Amino acid sequence: MLSPPIVVRNALRAAGSAVCFVAFAHFLVAQAADTRTDWPQYRGSHGDGIAAPQPIAKTWGPDGPPELWRRKFGSGFSTVAAVGKRLYTMGAPAELEEAFCLDAHTGETIWRVPLGPRFADQFGDGPRATPTVDGDTVFVVSSTMHLAAIATATGEVRWHKELLKEFGIEQPRFGFSASVLVAGERAVLEVGAGEGKAVVAFARDTGDVVWTALDGSPSKSTPLLAELDGVPQLIFNRPAKMAALSLDGDVLWTHEAARDIIAMAHFVPPDLVLTSSAYMGKGTVAVRVKRSGEDFTTERAWVNRRFRNHFNNAVLVNGHLYGFDNSTLRCLNAETGEIAWSQRGFGKGSLIACDNVLFVLGDQGILALVAADPASFREVGRVQAMQDTAGRCWTSPTLAAGRLFVRNLEEIVAYDVGAPAATPVAVTTSEPDTKSPTATDAELALPVILERYTAARGGLARWREVSTIAMKGTFRGFSESGPFTLQRRREDLYRFEYTIGGKMDARGRDGEGLWWRYHLFEITEPARVKFAAYHRQMKRESMFEPALLDATKKGIEVALVGRGNVDGQPTIDLDLKFPDGSKETWRLHAETFLEVAIDSTIVDMTQAREPMPRRTFCSDFRTVDGLVLPFRVAMEFGARLEEIAVERATVDPKIDATFFDMPRKK
């Protein structure tokens, strides 16, 4: 039996208010009818990543939850929509992208509908958008912008549009990724057809255009339907500007946003809307939306540049946000933006929530059950759901009727995470202590800090005895992995080579200067580095010794900043200024005096030509022939993540200076 619709209060305008009421009530009735805990669209019924209340297991055994089924599937990033006993998703098993209806209990195909050509991309082929189920119809859109309404029961195509042709749009570079949002009798999509046609509302039953709004090209994020101060609003997280529309297409408010946005807007009741970007260090901005009569105004409530949602959003549980700052899972106070805790190890992951627990999927296939507790990170279960060394498990999970569905570019897996009687997870209600540790001893003087750091790294005398260092291991970048070798020689000679996607790139420094081979810039043969922006950072990268060792004699100015904290680790922070004018902040562990993180500014023209912040994490320090070296280094800059895992390090191998010379072109 359907629950009664929620009445929408204070219709914004007399004209069209009845349409708004009917549309929003239709949407709410569809949600209220969800007695089966359905997950009918991207990020669930409310677009917030929160599953309907249902009995779920609050801990897992050593083997994880029971696996129900597993099947190979066509390439694609579409999440899974779940309604009743059926699943809806998209993939590209061959040359075409297709919409699929699967049996939720077995994973077997019930029907499949070809949509359009397979989109090919270096980050992964196939569809990006998620099917949207509304009653007896599922709405799908392919990477090449084939939009279709399909009967859920039979797979019959009720209407179909080729949006690139109809609206004269250029194919989006990384594939179209926004999903359809159904509001009443309208199927709303951010088409991006230019002036006045960035957003298009199609008639649900016929596909006819009902209204259009806003300007610009397609963005990558899916719209959000939320009610602010009694007014239902379609919120679009567009490049450079977030905008809210009424259900009949009128602009209610706008607010500036970052240029490069993928994650959708996030509503924090009663009046905050979040916009987040992983690029250029923009992070998350919380916008407070206020209403006065028929008008809305916006103001910035808080900003956190260390909470950079890339393509997967955060979830809101009991006043706290849980989500990924690129590759670091964080918990934030939703009202203030203050970080409660941080946890690394999942890569560029995703998560959803249900009943005070988080289902966290790491980008290499680790699935973890985590308590949604602001006091501390607390993992209560883990399983290797999929083997994905490429790190492309970017599709967020789906939870419906006690079944959890996860997928990557190759397969879909179903788990039984239900429980006949749920035991609530204990959540600490007191505010976590996020203050930096208070020293019990007298504040350390800078000379003492430098002395302890030098000793921790093996001592200056031992470093000065060494002429060469060689390393090999695994390099990870652009969500792919491959082997690397790294050789250094005391004259700041340097050669770093790595293989990604079957192509070997390199960067080095010889007696004549800097050289590289970088396929992304179509530099397929070794060549001198001509980009001035890269000279400074590559010279810094080629330094043989750690910069902080004997820093003064290297012309490096060092200043003590004070106590700090990096992801729960107490630090002593130092500012370094190099002779070329560049600056870094080094964050040393307060007990070991080894590097925890180094903050710097770089240029990465694969993302933007403007400088952006970079944080380099150092860990797994090991002693090799008297030198203390980090065996794991991770660098976050913009939306990029690069990681180096050292498998072997050799001190003072015989390496002739000519080895570092730029190789001759073939």
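The values are calculated or read from the model by the stated rules, or taken from the named source; none is laboratory data. Computed from a predicted structure; not experimentally measured. Here the Cβ positions follow ideal geometry from the backbone for every residue, glycine too, while neighbour counts run over all protein chains shown. SASA here: full protein model, heavy atoms, side chains in, ligands and nucleic acids out. Shrake-Rupley method; radii C 1.70, N 1.55, O 1.52, S 1.80 Å.
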(request) Enumerate the strands (runs of 3 or more DSSP E) found wholly within the stretch 143-199, keeping only those where 2 or more residues are without any contact (Cβ under 8 Å) to a residue 60 or more places away in the chain. (result) 146-151, 157-162, 186-189
(request) Give Arg288, Arg308 a once-over and let me know the one that is closer than 18 Å to Arg238 by Cα and at pLDDT 95 or above. (result) Arg288
(message) Which residue is nearest to the chain's Cα centre (by Cα), if the candidates are limited to the stretch 246-278 and must be charged (D, E, K, R) and either assigned to a strand (DSSP E or B) or modelled with pLDDT of 90 or more (or both)?
(response) Glu256
(request) Among what's in the stretch 187-198 and is at pLDDT below 95 and surrounded by 24 or more Cβ atoms within 10 Å (Cβ to Cβ), pick the residue that is nearest to Leu234 (Cα to Cα). (result) Glu190
(message) I'd like the residue in the stretch 542-558 that is of a type outside the set (S, T, N, Q) and open to solvent by 50 Å² or more (accessible area, probe 1.4 Å) and, out of all such residues, is farthest from Thr606 (Cα to Cα).
(response) Lys553
(request) Could you list, in sequence order, all residues of the stretch 237-257 that are open to solvent by 20 Å² or more (accessible area, probe 1.4 Å) and in contact with a Pro (Cβ under 9 Å, 6 or more places away or on another chain)? (result) Ala257
(message) Here are the criteria: (1) within 29 Å of Arg86 (Cβ to Cβ); (2) free of Cβ contacts under 8 Å to residues at least 60 places away in the same chain; (3) in contact with a strand residue (DSSP E or B) (Cβ under 9 Å, 6 or more places away or on another chain). Tell me which single one Arg378 does not satisfy.
(response) (1)
(message) I need the strands (runs of 3 or more DSSP E) fully contained in the stretch 326-407, keeping only those with at least 3 residues that are crowded, with 23+ Cβ neighbours inside 10 Å and not small (Gly, Ala, Ser).
(response) 328-333, 350-354, 357-361, 366-371, 403-407
(message) Out of the residues in the stretch 649-665 meeting the condition of being surrounded by 14 or more Cβ atoms within 10 Å (Cβ to Cβ) and of a type in the set (Val, Ile, Thr), tell me which one is nearest to Asp510 (Cα to Cα).
(response) Ile655
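Here is a check on your reading of the model: is Gly216 of a type outside the set (A, V, I, L, M, F, W, C) and free of Cβ contacts under 8 Å to residues at least 40 places away in the same chain?
Criteria met by Gly216.
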(request) Scan the stretch 478-492 for residues that are at pLDDT 95 or above and open to solvent by less than 40 Å² (accessible area, probe 1.4 Å) and jot them down. (result) Phe484, Leu486, Gln487
(message) With the requirement that a residue be farther than 27 Å from Ala52 by Cα and open to solvent by 60 Å² or more (accessible area, probe 1.4 Å), what does the stretch 264-288 give you?
(response) Lys282
(request) Give me a count of the residues in the stretch 54-75 that are of a type outside the set (A, V, I, L, M) and not in a strand (DSSP E or B). (result) 13
(request) Pull up the stretch 588-625, narrow it to residues that are in contact with a Lys or Arg (Cβ under 9 Å, 6 or more places away or on another chain) and exposed (fewer than 14 other Cβ atoms within 10 Å of the Cβ), then point me to the one that is modelled with the highest pLDDT. (result) Asp620
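Within the stretch 143-161, how many residues are open to solvent by 50 Å² or more (accessible area, probe 1.4 Å) and touching a strand residue (DSSP E or B) at 6+ places or on another chain (Cβ under 6 Å)?
Taking the stretch 143-161 as the starting set, the residues that turn out to be open to solvent by 50 Å² or more (accessible area, probe 1.4 Å) are 153-154, 156-158, 160.
Going one step further and asking which of them are touching a strand residue (DSSP E or B) at 6+ places or on another chain (Cβ under 6 Å), we end up with 157-158, 160.
Qualifying residue count for the region: 3.
Checking the condition surrounded by fewer than 16 Cβ atoms within 10 Å (Cβ to Cβ), under 30 Å from Ala375 (Cβ atoms) and either out of contact with any Gly (no Cβ under 9 Å at 6 or more places or on another chain) or not aliphatic (A, V, I, L, M) (or both), which residue from Gly562, Gly581 passes?
Gly562
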(message) Could you tell me how many of the residues in the stretch 344-362 are among the basic types (Lys, Arg) and under 14 Å from Phe377 (Cβ atoms)?
(response) 1
(request) Residues being assigned to a loop (DSSP other than H, G, I, E, B) and open to solvent by 10 Å² or more (accessible area, probe 1.4 Å): count how many of those fall in the stretch 114-142. (result) 10
(request) Kindly provide the set of residues from the stretch 76-90 that are in contact with a Pro (Cβ under 7 Å, 6 or more places away or on another chain) and outside any loop (DSSP other than H, G, I, E, B), ordered by number. (result) Ala81, Val83, Tyr88, Thr89, Met90
(request) Being open to solvent by 10 Å² or more (accessible area, probe 1.4 Å) and under 14 Å from Ala178 (Cβ atoms) is the filter; apply it to the stretch 211-221 and report the residue that is modelled with the highest pLDDT. (result) Leu214
(message) Restricting to the stretch 289-318, count the residues that are part of a loop (DSSP other than H, G, I, E, B), out of contact with any Gly (no Cβ under 7 Å at 6 or more places or on another chain) and open to solvent by 40 Å² or more (accessible area, probe 1.4 Å).
(response) 4
(message) Can you tell me which of (1) free of Cβ contacts under 8 Å to residues at least 60 places away in the same chain; (2) within 27 Å of Arg344 (Cβ to Cβ); (3) not charged (D, E, K, R) is the one Ile262 doesn't meet?
(response) (1)
(message) Just to be sure I understand, how many residues within the stretch 510-522 are hydrophobic (A, V, I, L, M, F, W, C) and modelled with pLDDT of 90 or more?
(response) 3
(request) Answer yes or no as to whether Leu493 is of a type outside the set (Phe, Trp, Tyr) and within 29 Å of the chain's Cα centre (by Cα). (result) no
(request) Spot the failing condition for Ile110; the list is (1) under 25 Å from the mean Cα position of the chain (by Cα); (2) closer than 30 Å to Gly207 by Cβ; (3) among the aliphatic types (A, V, I, L, M); (4) modelled with pLDDT of 95 or more, and only one is missed. (result) (1)
